[in-house]
Amino acid sequence: MKKFINKHLVSLVFIVIFVFIFVFGGMYSRYMTNQVEVHREDQIGISLDYYIRNFELNTFIELPYLAHVTYGQNDLETQVYLNSQFQITGLPTGVEITDNILANLQGLINETPPTYETTTYFSGYDDTTNTVTVITQGFHDIIEIDVNFNIVFSSVDSYIVTSSETYIFAQNYINGPVPAVENYYMDGFILGNVSLDSVAGASAGTCPAMQRAVDLLKEFQTYQIVSVVVYNNQNGGN
């Protein structure tokens with residue numbers, strides 16, 4: 001055996017070198033190919049087009065915002081879900097975007113976040129009663145409004161306001177105790193008027209808060225009505 005090794009030492013060395021180059025060369029080649037692919041994906045990038053509120057019934061409480069984006073080599077379009085801190089929290093079913101591209105998108109969102117008023121928002125939804133809960137920051141404290149819509153969201157069956165507002169200039173206010181101002185705005189919303197005049201004595205905080213609340217409710221209601229119409233059209237309904 002020793003004589004065989006001595007006789008063929010040079011050949012054995014070349015064989016070992018060849019195997020080393022073949023194995024590790026192949027591994028390095030695959031690594032470099034992968035790096036090129038990653039770099040290519042990074043170069044494709046993603047663009048942030050605009051923001052919208054999310055009113056999908058199964059997601060809008062936890063994920064209140066959507067960012068519309070264009071991404072990929074073929075300029076694909078989609079929307080990504082954002083939580084209340086404007087962090088990317090989910091993708092629509094069937095949409096796949098690499099982590100690198102999503103990281104780039106989050107950077108764009110951090111640089112130019114939405115300008116929505118975050119002191120007014122939905123805090124709950126009961127799908128058995130079609131009731132949404134809206135929170136809005138008044139002058140004194142938060143105002144909570146439970147709004148019960150009919151099954152197709154075309155009208156409001158009832159609402160309940162929970163408020164500890166004080167109407168700080170109460171000596172100028174003659175239309176009733178709390179929550180008279182809140183009810184004034186909600187009654188206007190039910191009648192289709194979401195641009196009511198401010199109430200003297202409650203314009204410092206309660207009125208702006210309620211205006212934000214009814215504006216948000218109107219957006220929500222409009223979205224749901226359109227969604228019902230689209231669903232009925234797609235499924236042969238009336």
Roughly how many nanometres apart are two label points built 7 Å out from the Cα toward the Cβ at residue 102 and residue 226?
2.7
What does the charge dipole of segment 44-111 about its Cα centre add up to, to the nearest 20 debye, if the Cβ of each Lys and Arg holds +1 and the Cβ of each Asp and Glu holds -1?
140
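So between residue 127 and residue 75, what do we pick up on full extension, going 0.36 nm a residue minus the alpha carbon distance? Walk me through the numbers on the way to the answer.
Details: separation 52, 0.36 × 52 = 18.72 nm, distance 3.66 nm.
Going from the current span to full extension adds 15.1 nm.
With 10 angstrom as the radius, rank 50, 125 by how many other C-beta atoms surround their C-beta, starting from the fewest.
Sorted ascending by nearby Cβ count, the order is 50, 125.
So for 51, 185, fewest C-beta neighbours within 10 Å to most, what's the order? Show your work: numbers first, answer last.
On the way: 51 19, 185 26.
If I rank by nearby Cβ atoms, fewest first, I get 51, 185.
So for segment 44-111, what are the equivalent ellipsoid semi-axes in whole Å, largest first, each being the square root of 5 times an eigenvalue of the Cα gyration tensor?
Working: eigenvalues 74, 33, 21 Å².
Output for segment 44-111: semi-axes of 19, 13, 10 Å.
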Sorting 189, 161, 145 by the position of each Cα along the dipole of segment 120-234 (Lys, Arg +1; Asp, Glu -1; all at Cβ), the one nearest the positive end of that ordering is 189
How far apart, in nanometres, would the label points at residue 142 and residue 219 be if each is projected 7 angstrom from Cα along the Cα-to-Cβ direction?
1.9
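What is the mean projected area of the alpha carbon convex hull for segment 103-197, to one decimal in square nanometres?
Details: hull surface 35.9 nm².
Taking a quarter of the hull surface, the average projection is 9.0 nm².
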Vicinal HN-Hα couplings computed from phi for segment 81-93 (Karplus, 6.51 cos²θ - 1.76 cosθ + 1.60; Hz; Gly/Pro x):
7, 10, 7, 5, 9, 6, 9, 4, 10, x, 10, x, 4
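Laboratory data are not the source of any read-out in this text; all were calculated from the coordinates shown. Everything numeric here is computed off the predicted structure, so don't read it as measured data. So basically every Cβ, Gly included, is an ideal-geometry build from the backbone, and we count neighbours across all protein chains shown.
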